[in-house]
Each structure stands twice: as structure tokens, then as C-alpha cells.
1. Using the Karplus curve 6.51 cos²θ - 1.76 cosθ + 1.60 with θ = phi - 60°, work out ³J(HN,Hα) for each residue of the stretch 54-69 in order, rounded to whole Hz, and write x for Gly and Pro.
2. Run the simple label-point estimate for Ser48 and Arg91 please: 7 Å along Cα→C-beta, distance reported in nm.
3. Pull out the extension gain between Ile79 and Leu25, defined as 0.36 nm times the separation in residues minus the alpha carbon to alpha carbon distance; nm, one decimal.
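Each value in this text was obtained by applying a stated rule to the coordinates, not by laboratory testing. This is a predicted model, so every value here is computed, not measured. Reconstructed Cβ throughout: ideal geometry from the backbone, glycine too, with neighbour counts over all protein chains shown.
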Amino acid sequence: MNRHILFPLLCWEFVMDILLQGLVLLVAGMGIVFLFLMLLVFVMNHSSKLVVRFNHILPDDEPKKKPRVVAAKADDTAIAISIAVAMAQSR
């Protein structure tokens, strides 16, 4: 047969082989990432239980409480006067 007649057929098989390899690589990559994330979740859950169990060896320091600053109560009449002045200036 003539080589030019078979070229589109050979090209189609080549494209299908490349697409199949890409699909296999996609599934393998997603599977590896999924397994890694599952392993990460498993390790994080069990390490949190392990930290709670051995927390008595190196306990955390108690957080220092900041002194609360009590804001001075504003006089309602001063607020009312400032609102009245602002409204009068805007008119």
C-alpha cells in the first residue's frame, strides 16, 4: 500500500496512545495525591491525641491577662450637642 494512504491511520493511533498515556498519568497522579492526603489526615488526627496524652510533661504557660482599660463614659448631653451642631452645619 501507499504510505500516504496509511499516514492518517498511523497518526490517529499515535494520538490515541498519547491520550491513553496521559489518562494513566492523570489517574496515577490523582491517586497518589489522594493517598498522601489521607495519610496526612490520619497522622494529624493521631498526633493531636498523642500531644494531649503527653501534655503533662511540658505544660503550656497560662496566658497573661491584659488589664482591661475601662473607657470613660461619655456624657449623653455632649453627644447630643455635637450631633445638633453637625446637623446645623450641614444645613
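1. Result, rounded to whole Hz: 9, 5, 6, 6, 10, x, 6, 6, 5, x, 6, 7, 7, x, 6, 8.
2. About 6.0 nm separates the two model spin labels.
3. Details: separation 54, 0.36 × 54 = 19.44 nm, distance 6.99 nm.
Here the answer is 12.5 nm.
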